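The values are calculated or read from the model by the stated rules, or taken from the named source; none is laboratory data. Source: prediction; values computed, not measured. FYI the Cβ positions are ideal-geometry reconstructions off the backbone, even for glycines, and counts take in every protein chain you see. Please note that ligands, DNA and RNA were not included when accessible areas were found on the heavy atoms of the full protein model with its side chains. Shrake-Rupley method; radii C 1.70, N 1.55, O 1.52, S 1.80 Å.
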Amino acid sequence: MSQTMFDKIWDRHVITGKVGDPQLIYVDLHLLHEVTSPQAFEGLRENNRKVRRTDKSFATMDHNVPTKDIYNVKDAISKKQIDTLGKNAKEFGIRLAGMGHEDQGIIHVIGPQLGLTQPGMVVVCGDSHTATHGAFGAIAFGIGTSEVEHVLATQTIWQTKPKTMGIHVHGKMPHGIFAKDIIMGIIAREGVAFGTGYAAEFYGDTIKAMSMEERMTLCNMAIEGGAKMGSVQPDQTTFDYVAGRKYAPKHMDKAIDYWKQFYTDDDSAFDKVIDFDVSDLAPFVTWGTNPGMAVPVDQPFPEIKNDDDQKAYDYVGLKPGEKAPDIPIEFAFFGSCTNGRLSDLKIAADVLKGHHIAPQVTALVVPGSRTIKEKAEELGIDKIFKDAGCDWREPGCSACLGMNPDQVPAGVHCASTSNRNFQGRQGAGSRTHLASPAMVAYAAINGHFVDIRKEGVTE
Amino acid sequence: MKPITTITSTSVPLMKENIDTDQLIPKQFLKNILKVGYGKNLFYDWRYTAPNQPNPDFILNKPERQGANILVTGDNFGCGSSREHAVWALKDYGFQVVIAGGYSDIFYMNSTKNGLLAIILPEDQREFLAAAPSDAEITVDLPNQEVRYAGKAFHFDIDPLWKHKFVNGLDDIAITMQYEDQINAYEAAIPNFD
Ligand code: SF4
């Protein structure tokens, strides 16, 4: 019987148990951040337990970081969470990229950047966007706090094997269309729960042609379609990306030989296959309060079909029949584990070069990691943003979620490169409109979204 | 985790259906770094009329109901958001056993992970227990799968796996470490490319 990449990686990691029951799975990489780890460490301490494999654990601080002045954490609980992770990492001997550390950044950005994330691995983190790491041909998913404790103590996790779904993405990406539009388009068509119970794999000629950073954007948002895991099978693009990074294998040739066993035999191996043609895709924008409430930039917002739609329209202050260019944008956010990587910042900077953002717009640019920030500064990208009137910040999760000082004010419409447009996500009363970095850059300049297919965009 | 065999204690009846995790512990109390300390905010919206103003009419605040380890309640207990804090709050308050008509899946799984014994009994038996005076003791006998009170004994079902876990005070980690030899063998076979 043919097997998927997922099946092959899974089988290789089973320690005990049979399919259908919870199985004990070995974890190759455990990523930690300050919000979901404190109770787990406390549990270890209470029971006199150690971290089994400190060499397979890596921690950073991201959610609570004040990106303006990182050493000045004003919120008492944020400070407590940050200090606690610092203490725990030291006490238990875990590698930590703490405040101001050269490797600090959003956990899902630094894992790949440091070469920690590799093909064929099982990667977990107490965070639902762990799906991002699947872009390397890995099984990667978010876990709860008790599970964080369990992985720390045992380097394993009990999981029931999900079904597999192949998402066949094909066609040439039109001008002005990005990986973000593909995943938003899939979720808009299929709904926010189509992937529930499945491990998704993206494949097809469009995916083959994508860079690692684009693949990460795609897998990052698999969770917004309900799939706990999204993945792409590893290829030369993947190997080239991993090679030479800080924690990459020293003998890449041997590693690549090993990684090459994790290929999906053929698409009959998937429990379900869906097909997505990108050749006519338009840029997407969300109008409502979940990522599935999205429309192509030139299409009207839908009629009210149910209570959820009504509530969403009430919350965002928009009406059916209006279009994305009608949304009065007063805030723009460039960043997050979806679109806070160097290529994303470059695309936005290319749009902003020689322009200024609209006077009513506040724009935050938050690199996904310190390394990205430094590279961007070497390239002079920071200067382009600053000249355009944007605020250039320290790395962190920032306004992706309202947990640190970077928040979108109540009632304000924000064009955002992040992944969730839930009520209050970017701050109490904030109105989030998800889109690609190029779309957000044009929205910042114009004070409203425009159809960027008609504009100059570097891809 | 502490083993649970037989618990004899007074009880608190709260015969409402569909008590969700927002009622058990509202979201403003989730931002913390500990698993303890949530007990004082258990049932917050019912328990306080204003911050630090206990509602004297709410049963948890009655002097004669203090120190009880058993909660007798309605159906579909612990529904709503998946927060593990709901179980932490019940335990931190001092409850060791909940007797309900049923539980949400996630709440039930969280209770097994945190050593809170969640028992299911039919309504008539729960009503009988709920009528127990404040000083009456109820006995929960896990090895024999019985709840005993006032000369009656009610049988309850429990998955043998969870029973084994509770009676032996094993947490998930302890159970997993029974497979330590296999984990060691697995680790020894991990290829190294350095
Ligand atoms: S950037 Fe946003 S989605 Fe990503 S880890 Fe941080 S808060 Fe979560």
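For B:VAL167 and B:GLU137, what does the FRET efficiency come to when R0 = 25 Å and r is the distance between their Cβ atoms, rounded to the nearest 0.05? Can you show the working numbers first?
Numbers: r = 21 Å, r/R0 = 0.84.
Given R0 = 25 Å and the Cβ-Cβ separation, E is 0.75.
What does DSSP give for the protein assembly as shown in terms of the percent of beta bridges that are antiparallel, rounded to the nearest 5?
Values: 23 of 79 bridges.
So the antiparallel bridges in the protein assembly as shown amount to around 30 percent.
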Please compute how much accessible surface disappears when A pairs with B, both sides summed, using a 1.4 Å probe, and round it to the nearest 100 Å².
-> 2900
Spin-label model distance (nm) - A:GLU46 vs B:ALA50, 7 Å beyond Cα toward Cβ = 3.5
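Ignore the peptide's own chain and count Cβ atoms of other chains within 10 Å of each Cβ in B:29-35; give me the average, rounded.
6
Per DSSP H run of n ≥ 4, the term is -39500 (n - 2.57); total these for chain A, divide by its residue number, and report the mean residue ellipticity at 222 nm rounded to 500 deg cm²/dmol. The partial results should precede the final answer.
Details: 16 runs with 143 residues, N = 459.
Result for chain A: -9000 deg cm²/dmol, rounded to the nearest 500.
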Distance in nm between A:GLU102 and B:GLN182 label points, each 7 Å along Cα→Cβ, equals 4.3
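Starting from the Cα gyration tensor of the protein assembly as shown, multiply each eigenvalue by 5, take the square root, and state the resulting semi-axes largest first in whole Å. Don't jump to the answer; show the numbers that get you there.
On the way: eigenvalues 381, 180, 111 Å².
Taking √(5λ) for each Cα gyration eigenvalue gives 44, 30, 24 Å.
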How many Å² of accessible area per residue for segment A:1-67, probe 1.4 Å?
-> 34
Within straight cross-link reach of A:LYS172, meaning Cα distance under 16 Å, which aspartates and glutamates are found once same-chain residues fewer than 8 apart are removed?
-> A:ASP181, A:ASP205, A:GLU214, A:ASP275, A:ASP277, A:ASP280, A:GLU459
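Viscosity 1.002 mPa s, temperature 20 °C: what is the translational diffusion coefficient of segment A:284-454 from Stokes-Einstein with a Kirkwood Rh over Cα pairs, rounded to a whole number of µm²/s? All intermediate terms of the calculation are to be shown ahead of the outcome.
Working: Rh = 15.7 Å.
Value of D from the Cα-based Kirkwood radius: 137 µm²/s.
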May I ask for the distance between the Cα centers of segment A:305-373 and segment A:400-459, given as a whole number of Å?
-> 2
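Determine, for each peptide in B:25-32, A:119-126, the mean count of other beta carbons within 10 angstrom over its residues, then list the peptides with the highest first.
Ranking the peptides B:25-32, A:119-126 by packing returns A:119-126, B:25-32.
Listed highest first by mean packing, meaning other Cβ atoms within 10 Å per residue, what order do B:178-190, A:151-163, A:446-458 come in? Mind showing how you got there, number by number?
Details: B:178-190: 12.2, A:151-163: 21.1, A:446-458: 16.5.
Sorting B:178-190, A:151-163, A:446-458 by mean packing, highest first, produces A:151-163, A:446-458, B:178-190.
Too long at a 31 Å Cα-Cα cut-off: which of A:LYS80/B:LYS113; A:LYS56/B:LYS113; A:LYS180/B:LYS35?
Working: A:LYS80/B:LYS113 26 Å; A:LYS56/B:LYS113 24 Å; A:LYS180/B:LYS35 38 Å.
A:LYS180/B:LYS35, as the Cα separations exceed 31 Å there.
Shielding of B:171-183 by partners, i.e. mean partner chain Cβ atoms within 10 Å per residue? All intermediate terms of the calculation are to be shown ahead of the outcome.
On the way: counts 6, 8, 13, 4, 4, 11, 5, 1, 6, 2, 0, 6, 8.
Shielding by partners across B:171-183 averages 6.
With the Cα gyration tensor of segment B:6-169 giving a ≥ b ≥ c as the square roots of its eigenvalues, does the rule (a/c under 1.5 for rounded; else a/b larger than b/c for prolate; else oblate) give rounded, prolate or oblate?
Details: a/c = 1.75, a/b = 1.23, b/c = 1.42.
Oblate is the answer for segment B:6-169, as a/c is 1.5 or above yet b/c matches or exceeds a/b.
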On the protein heavy atoms, probe 1.4 angstrom, tell me the percent of accessible surface of the protein assembly as shown carried by carbon and sulfur.
-> 50
Go ahead and collect, in residue order, the members of segment A:311-331 whose backbone nitrogen is under 16 Å from a label point 7 Å along the Cα-Cβ direction of A:ASP298.
-> A:323-326
Could you pull out every one of the aspartates and glutamates with an alpha carbon less than 13 Å from that of A:LYS50, ignoring same-chain neighbours closer than 8 positions?
-> A:GLU42, A:GLU91, A:GLU149
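From other protein chains only, count the Cβ atoms within 10 Å of every residue's Cβ in A:77-88, then give the mean.
Working: counts 3, 1, 0, 4, 3, 0, 1, 2, 1, 0, 0, 1.
The mean count of partner-chain Cβ atoms within 10 Å per residue comes to 1.
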For A:LYS79 and A:ALA410, calculate 0.36 nm times their separation in residues minus their Cα-Cα distance, and state this gained length in nm to one decimal.
-> 116.7 nm
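Set the Förster radius R0 to 22 Å, insert the Cβ-Cβ distance between B:ASP124 and A:ASN306 as r into 1/(1 + (r/R0)^6), and round the FRET efficiency to 0.05. Working shown, then result.
On the way: r = 39 Å, r/R0 = 1.77.
Once rounded, the FRET efficiency stands at 0.05.
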Within segment B:6-169, what percent of beta bridges assigned by DSSP are antiparallel, to the nearest 5?
-> 50
